[in-house]
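The values are calculated or read from the model by the stated rules, or taken from the named source; none is laboratory data. None of the values given here were measured: they were computed from a predicted structure. Here Cβ is always computed from backbone atoms with ideal geometry, including for glycine, and neighbour counts include all displayed protein chains. The protein model used for the area step is the full one, side chains on, heavy atoms only, and it has no ligands, DNA or RNA in it. Shrake-Rupley method; radii C 1.70, N 1.55, O 1.52, S 1.80 Å.
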Amino acid sequence: MTRTLLSINGLTKAYPGVVANSEVSFEIGEGQVHALLGENGAGKSTLVKMIYGLVKPDSGTMTLRGAPYAPPEPRAARADGIAMVFQHFSLFDALNVAENIALGMETPPPMRDLARRIREVSETYGLPLDPYRTVGDLSAGERQRVEIIRCLLQDPKLLIMDEPTSVLTPQEVNILFGTLRKLSAEGTAILYISHKLEEIRALCDHATVLRLGKVVGECTPRETTAREMAELMVGTALQTPTRAGRDMGGVALDVSGLSAASPSAFGTALKNIHLAVREGEVLGIGGVAGNGQDELLAVLSGEILTPADAVKLKGRPIGRMGPTARRALGLLTAPEERLGHAAAPDMSLTENALLTGSIRENLESNGFLKWSAAETFARKIIKSFDVRTPGPGTAARALSGGNLQKFVIGREVLQRPEVLVVNQPTWGVDASAAAAIRQAILDLAASGAAVICISQDLDELMEIADRFAALNEGRLSEPRPTQGLSVEEIGLMMGGAHGMEVAHV
Amino acid sequence: MIVLEKRPQPSRGWSMSTPVLAVLATMVAGGLLFGLLGKNPFLAIETIFWEPLFGEFASYYRPQLLVKAAPLVLIAIGLSLGFKAGIWNIGAEGQYIIGAICGAGVGLAFYPLEAWYIFPLMVIGGALGGWAWAMIPALLKVRFGTNEILVSLMLVYVAEKLLASMALGLLKNPQGFGFPGSRNLNDYASATSWISQDVGLHWGMAAALIAVIFAYILLNRHMLGFQIRLTGEAPRAARFAGVNPSRLILFCLGASGMLAGLAGLFEVAGPSGQITIDFNANYGFTAIIVAFLGRLHPIGILLAGLLMALTYIGGDIAQGNLGLPAAAVQVFQGMLLFFLLAFDLLTNYRIRLKTREVA
């Protein structure tokens, strides 16, 4: 390793009620690809926000190339050669690439010069991008390129990347890694935030592991197994979900020739979807976010109605039935968005238990609500799914993401579904809770239910699904058995590199 | 620097105490206003809040309180159902007028027959009239996605024109010497809503009380009430739960129209007595304030209706005794809603003083 670029000493930042970072210290060398690893809520984001000048530390110091470094705002951080690509893009759909980049500059050069510079930089780093294309037409991977190029134009010494691969297909990830390796070879240090362990093993030179705001370990990812890193992250031995061998029954849910427009202007229409899932089977549906996942869930939950024959539950056409009728028949769903869709934020857990449980759990009679029965059901969910909360009277929004997710999944699983459809069941959930949710899904399938799991986490799908299909621009690929499926094949099913190419340099 | 911080849970304590705080703040600001107008602020506040309840002529004012509060509570209960679900019926005033016209029309059609069934038929007529007037914005919203706020509000003005036409034409008293206005229903024993005019009790008060109880049960014990609250708090979750939005719109607008129509009927057959050009007294708009002042909660609305009636009657007394301008009293009532909404923020947010971070 060469000289130290940035060294962090005892950074501490506390928010009311929670210490986000406590005495965090580590060093990043020039040209080093340094991973920052940790579960959700481990304090990764707060830490990089301090480095980028968005948050001021309570105590502790940083030194950049030997000089004290305390950026009061992101502009100062950028002036010192620190750039950041955020997880959520901040781009204007209606403007073109060059205009978007110009917007983020202090003194943008004339548009023609800027376009030329964008072309130069993009080609040098293997990220071809036409500066005059409208951002609204770009895929998620291409939008990320815009953000990266915006950073590279500043000629950064340290590039911070926050969960960059969550929106990419495996092929797109490979292209990105090529760029990052090239940058690193030229001396740019990269601080890479992720919880995807295999990626970190493939890319990073060094990893710092955070847990509950503290540094709990450092390692060299290439010499450490993913399991060891995961256990360092979680702090306990991790339980891998176990799959019991099971018999598949008849077809439980059958979707054929289903097309549906999206209710939202920015949504993706579903185009001619065919799928069948059998009793006892877990069908995994992958794909980059925004390719029709929400719409597929809505079509199955009954929020979007379709021709009756397009969706059949055990041979019975249900396409024109609403959510309540479908629940009565045993088709239960859990949407991705926990607050506001799967649960009402300001309502108590008891009320949220009632939200989907009223029919199957018999929580109403003649339209009158049985509050005590609803509370008992809420308590049962809290107990069986280890939801950490003061009690069923707590408002849903007061729960952490992981705990609310356990509640939402538990609510459906405990209603003994015939078919369960879940979207992003472990999104933003810590590793141990994620393992518990996956286990619950597998147990449910083992008991004879059919499960459709929509997820962007390919590792998760490989772990629990029997067959895999991918959504790409509203179309569903032919499902294939997960066993023996390679990452390349999965990537191609997800749409390959979405028309992106690698510039050969 | 003052920073607003969202509370993890809505604060129960603040939710209960904001109406009280709003009333106190209104007293202070109102007193200031009256002071600037050259009146004795303490006397003015005392006249508005004390005089009607415990003053010299309290025995006269107290029944008046119920007469004023009954239509306010009745209308506000209906509005609160829709408001809870995010369905904004602003046109209760119009539904109130149409309810009164229909109810009075039914009664006058039977004149001079005396029979026990006439008043019940008038009640049904009033309810149906208000309901039908509210169905116009409801159906337009369900079928064409129109904005119920605009449509229901505009229909108030249509209803006012209809009222004038009725008072001058169809329902005009044939023996009224050509003066506009219908026969006085107080002189028609089968069609009056007074239970006892001496005590100042009429059926509208009973109906308001029943509506409060009914709404309480609906919202707390019934699936439909749960769906109303769910739709207001998280529309997407409501859809996911299986709520049919169109049905909910029809129910909420229909119910609020019906209650407003009933309020109109009880008013025309009781305290007002006849259909006149200016029969409506802004109860439909004031009920919006009452609904919010009562936190959209049935019991709260009952108390808020009584409080609002108090400011009405107290305001009248203050106008008479102290020569306060009518507009000042209206500003005073408006302040109440203003302060309530302002303090409401504290239910969901806490205020924190933060020293500015020096760059």
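Run the helix sum for the protein assembly as shown: -39,500 (n - 2.57) per DSSP H stretch of 4+ residues, divided by residue count, reported at 222 nm to the nearest 500 deg cm²/dmol. Don't skip to the end; give the middle numbers.
Numbers: 30 runs with 414 residues, N = 864.
For the protein assembly as shown, the value works out to -15500 deg cm²/dmol.
Counting Lys and Arg as +1 and Asp and Glu as -1, what is the net charge of the other residues whose Cβ lies under 10 Å from the Cβ of residue A:360?
That sum, taken over residues with Cβ under 10 Å, equals 0.
So what's the protein assembly as shown giving for Rg/Rh, alpha carbon basis, Kirkwood Rh from the mean inverse pair distance?
My calculation puts Rg/Rh at 1.06.
Straight-line reach only, C-alpha to C-alpha below 16 angstrom: list the lysines that residue B:161 could link to, leaving out same-chain residues fewer than 8 apart.
Residue B:161 reaches B:172.
Reachable aspartates and glutamates from residue A:314, Cα under 12 Å, same-chain residues fewer than 8 places away excluded?
A:254, A:279, A:418
Looking at chain B as a GNM with Cα springs under 10 Å, which of B:113, B:153, B:53 has the largest mean-square fluctuation?
Residue with maximal mean-square fluctuation among B:113, B:153, B:53: B:113.
For chain B, with a Gaussian network of springs between Cα atoms less than 10 Å apart, report the residue from B:69, B:109, B:25 with the top mean-square fluctuation.
Top of the fluctuation ranking is B:109.
Which percent, nearest 5, of DSSP beta bridges in the protein assembly as shown are antiparallel?
For the protein assembly as shown, the DSSP antiparallel bridge percentage is about 55.
In the range A:251-504, what percent of the accessible surface is made up of carbon and sulfur (1.4 Å probe, ligands and nucleic acids excluded)? Write out the running numbers ahead of the final one.
Values: 4640 of 9180 Å².
Reported share for carbon and sulfur atoms: 50 percent.
So what's the angle, to the nearest 10 degrees on a 0 to 90 scale, between helix B:326-348 and the longest Cα principal axis of chain B?
50 degrees
Would you mind getting the accessible area per residue of chain A, heavy atoms of the protein chains only, 1.4 Å probe, in Å²? Before the final figure, lay out the partial values.
Details: 20200 Å² over 505 residues.
Computed with neighbouring chains in place, this is 40 Å² per residue.
Can you pick out the pairs among A:196/A:383; A:312/B:141; A:13/A:214; B:84/B:141; A:380/A:406 whose Cα atoms lie more than 21 Å from each other?
Working: A:196/A:383 30 Å; A:312/B:141 32 Å; A:13/A:214 11 Å; B:84/B:141 17 Å; A:380/A:406 12 Å.
From the list (A:196/A:383; A:312/B:141; A:13/A:214; B:84/B:141; A:380/A:406), the Cα-Cα distance tops 21 Å for A:196/A:383; A:312/B:141.
Taking the Cα atoms only, what angle lies between the long axis of helix A:111-124 and the longest principal axis of chain A, rounded to 10 degrees?
It works out to around 80 degrees.
Specify the residue with the greatest mean-square fluctuation among B:221, B:295, B:183, computed from a Gaussian network of chain B linking alpha-carbon atoms under 10 Å apart.
B:221
What does the net charge come to around residue A:376 if you take all other residues with beta carbon closer than 11 Å to its beta carbon, with K and R at +1 and D and E at -1?
Charge balance in the 11 Å sphere: +2.
Per residue of A:321-327, how many C-beta atoms from partner chains lie within 10 Å of its own C-beta, taken as a mean?
Shielding by partners across A:321-327 averages 3.
How would you classify the range B:40-323 from its alpha-carbon gyration tensor, with a ≥ b ≥ c the square roots of the eigenvalues: rounded for a/c under 1.5, else prolate if a/b is greater than b/c, otherwise oblate?
oblate
Treating the angle as unsigned and between 0 and 90°, give the value, to the nearest 10°, between the Cα long axis of helix B:12-36 and the longest Cα principal axis of chain B.
80 degrees
Where both partners of a DSSP beta bridge lie in the range A:374-505, what percent of those bridges are antiparallel, to the nearest 5? Please report the intermediate quantities before stating the final value.
Values: 4 of 9 bridges.
Here the antiparallel bridges make up roughly 45 percent for the range A:374-505.
Please identify the chymotrypsin sites (Phe, Trp or Tyr not before Pro) of the range B:174-213 that satisfy two criteria: DSSP loop assignment and at most 11 other Cβ atoms within 10 Å. Which are they? Provide the component values of the computation, followed by the final result.
On the way: sites: B:177, B:188, B:194, B:203; in loops: B:177, B:188.
Passing sites in the range B:174-213 are B:177.
For peptide B:230-236, compute the average count of partner chain beta-carbon atoms within 10 Å of each residue's beta-carbon.
Across the residues of B:230-236, the mean count of other-chain Cβ atoms within 10 Å is 6.
Suppose accessible area is computed on protein heavy atoms with a 1.4 Å probe; arrange A:155, A:247 from highest to lowest.
Result, largest first: A:247, A:155.
Average partner chain C-beta neighbours within 10 Å, per residue of A:250-262?
0
Order A:364, A:295 by their accessible area, 1.4 angstrom probe, all chains in place, largest first.
Ranked list, largest accessible area first: A:364, A:295.
Using packing as a proxy for protection, rank A:424-430, B:337-343 so that the peptide with the highest average count of other Cβ atoms within 10 Å comes first.
Output ranking for A:424-430, B:337-343: A:424-430, B:337-343.
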